[in-house]
Amino acid sequence: MRRGAIVLVSVVAFALPALRAQTQPPRDAAQSIAPPEGTGGIGGVAKDNDGNPVRRCTVTITGDMRLERTTVADDEGRFSFTSLPSGRFTITAKKAGYPEMSYGAKRPFRAGSGVFLQDGQQVRDLALTLARGAALTGTVYDDHGQPMPGVPLMAWEIRTALGGERTLDYASSGPDTVITDDRGMYRVYGLPPGEYTVGTTWYYSGLGYDVRVLTDAEIRAAFQAANQSAAVPGAPVTPPRDPPRHNYSAVFSPGVIDPLSAATFSVAAGEERAGVDLRMQFVPMSGIDVTIVSPDGNAVTAGVTIARRSAVKALNTMQVRPGQSEARFTTGSLSPGLYSILAEVPARPGKSPLWAIADAMVGGDKNVAVSLALQSTLTASGRVVFEGATAPPADLSKVSVFLRGMGPVSAQTGSAVDASGGIAITGVIPGPYRISGSVPAAAAGATWSVRSVVLDGQDVTDRSFDIGAGGATGLVVTFTDQVSELSGSLTLPSGAPATDFFVIAIPADKSYWLPQSRRIVSARPDRTGRYGFRGLPAGDYRIALTTDLVPRDLQEVSALEQLAAQSVPVTLTTGEKKTLDLRPAGGG
């Protein structure tokens, strides 16, 4: 990210009166509105780092009101878009072997600065520079050192998760898979500069079958048993223990099962790193022997979810078995690691829903036995409260309150609010949750947002909290129609509007740094340099500027820390309207 030190220009604050919600068009009606057209135009040329045209690259332009068009550059790398309305536009080019690049961006797969058009304006001299991507090549060998064809691989990018831990994730270009050829060789190309490792794909689960490998001792025992049987007809023969089953495990460079101990490689634009080899591991495999026990001993039909719990979230796939009617079953072979097994039985006439969850560490050559003793689900109960200048909705059953699971088998548990505002959310399973809520504008006559969430006297607004074996009672979700607003202008030292920046609001309290937090948001200024945030919850924030941001940055702690290190503080109270003018020092 290219960040800008911020000069704080002015702050003005005053109370924001209750705002009436404007009537919104129906969703399907809005979708039927055609993107606007005008008389403006944008054109330019795409070249590589050496100034040569990038022929036949794909160029896409996006703008307001769902405008999106795509064209193909000619043999000179030139492209053109016509009939454009006024507004801000982003122009992006890509081609096989070249990471996607936007006009004004400093790195691939970033948003760039964009182009503003006035009515009828023609911009025909844009220059887009596409740098050839980096490549990683190597050979995949089996456990005997022989080249192994048909293995699906990916380049995994090294990142920092929102919790601060080092992790792996898909490359910026996405989870692109390559398959080793008949020589066991692979080539991953088109990578933007960065730090990577190479490993099997997120969905890799070895061969489609397990292999039984007999040891020398087991073979000798089988011959000995046969000889004893021949020498003493009718003598009982003790069968040998079932030999372990083997399969190829998921691996990462140079051949480790643990993705966080993989070797990493930093590559520059256009660099080709050869010799990034992998050696597959043919290891004993095991599964999980699951027993489902119902409270009354009767047979039940349960849905079973088996979720992997790797420290690398991108590897955490799930297996879902809808309607598992057998009381006992065995999973297929699983890669070594920690798993959670969840069984759920929906409500039946006269009976409440049931659940059971257990963890299992899979590894070695023996199956892991797990018993799931079903029990009744829990309830989260309480009430909704409205505070504001306008009357709350007449029918509070229109209000939505949701529990969002934050655990290994996460789910969003539905809302149950009655007409008087009582909350009774059933089907809750113990674990960590976060609460969100909404009020339909059509039913409310005002804009309402969650002001606070209190559980047993503790403020858990926008935070993760645990629901234990007793469920949750005393839940109070307070809505307010006093909507906070933070807005202002960005100006360069010259006095001109600064339009290329992103303005980011980051909570000063890191306990709010959670995935999809409504407190971590960004905005872009308009052509006059004006920006605005509406509906930020009350609290202390850090306001940062950068010209280089993509949504994924707001989910990574390293990016947030870099932004917060060069930011200015601001505090918002409920219903407050505050003006914060900013001046990027040195123009960003």
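Odds and ends about this structure:
- Unmet requirement for ALA419, which otherwise passes all of (1) in a loop (DSSP other than H, G, I, E, B); (2) touching a strand residue (DSSP E or B) at 6+ places or on another chain (Cβ under 9 Å); (3) at pLDDT 90 or above; (4) not aromatic (Phe, Trp, Tyr): (2)
- Scan the stretch 471-511 for residues that are among the small types (Gly, Ala, Ser), over 29 Å from the mean Cα position of the chain (by Cα) and not assigned by TED's automatic domain parsing to the domain that holds ILE425 and the total you get is 6.
- Subset of the stretch 509-524 (residues that are among the hydroxyl-bearing types (Ser, Thr, Tyr) and more than 11 Å from LEU554 (Cα to Cα)): SER511, TYR512
- For the stretch 442-453, the count of residues that are at pLDDT below 90, more than 27 Å from LEU342 (Cα to Cα) and touching a Leu at 6+ places or on another chain (Cβ under 6 Å) is at least one.
- Residue count, the stretch 554-569 (criterion: farther than 15 Å from TYR512 by Cβ and either β-branched (Val, Ile, Thr) or in the same structural domain as PHE386 (by TED's automatic domain parsing) (or both)): 1
- The listed residue being among the small types (Gly, Ala, Ser) and in contact with a helix residue (DSSP H, G or I) (Cβ under 8 Å, 6 or more places away or on another chain), out of GLY133, GLY190, GLY199, GLY208: GLY199
- Tally, over the stretch 457-471, of residues that are under 23 Å from TRP513 (Cβ atoms), without any contact (Cβ under 8 Å) to a residue 60 or more places away in the chain and not in a strand (DSSP E or B): 3
- ALA131 vs. criteria surrounded by 22 or more Cβ atoms within 10 Å (Cβ to Cβ), at pLDDT below 95 and among the aliphatic types (A, V, I, L, M): no
- Filter result for THR177 (free of Cβ contacts under 8 Å to residues at least 40 places away in the same chain and closer than 18 Å to GLY63 by Cα): no
- Candidates GLY474, GLY437, filtered to the one that is crowded, with 16+ Cβ neighbours inside 10 Å and either assigned to a strand (DSSP E or B) or touching a Lys or Arg at 6+ places or on another chain (Cβ under 8 Å) (or both): GLY437
- Out of ALA469, ALA544, sole residue that is surrounded by fewer than 18 Cβ atoms within 10 Å (Cβ to Cβ) and of a type outside the set (Asp, Glu): ALA469
- On the stretch given as the stretch 103-128, residues that are free of Cβ contacts under 8 Å to residues at least 40 places away in the same chain and buried (at least 22 other Cβ atoms within 10 Å of the Cβ) total 0.
- Condition check for VAL453: surrounded by 17 or more Cβ atoms within 10 Å (Cβ to Cβ), over 14 Å from GLY382 (Cβ atoms) and among the hydrophobic types (A, V, I, L, M, F, W, C): no
- Residue in the stretch 448-456 that is over 27 Å from MET406 (Cβ atoms), in contact (Cβ under 8 Å) with a residue 24 or more places away in the chain and not hydroxyl-bearing (Ser, Thr, Tyr) present: no
- Whichever residue in the stretch 34-76 is of a type in the set (Lys, Arg) and under 19 Å from GLY114 (Cβ atoms) and, among such residues, is surrounded by the most Cβ atoms within 10 Å (Cβ to Cβ): ARG69
- You will find that of THR62, THR39, THR71, THR90, the residue that is at pLDDT 95 or above and in contact with a strand residue (DSSP E or B) (Cβ under 9 Å, 6 or more places away or on another chain) is THR71 and no other.
- Tally of residues being in contact with a strand residue (DSSP E or B) (Cβ under 6 Å, 6 or more places away or on another chain) and at pLDDT 90 or above across the stretch 161-189: 11
- Hits in the stretch 275-305 (condition: more than 30 Å from VAL140 (Cα to Cα), in contact (Cβ under 8 Å) with a residue 60 or more places away in the chain and polar (S, T, N, Q)): THR291, SER294, THR305
The values are calculated or read from the model by the stated rules, or taken from the named source; none is laboratory data. These figures come from a predicted structure and were not determined experimentally. Neighbour counts run over all protein chains shown; Cβ positions are idealised from the backbone, glycine included.
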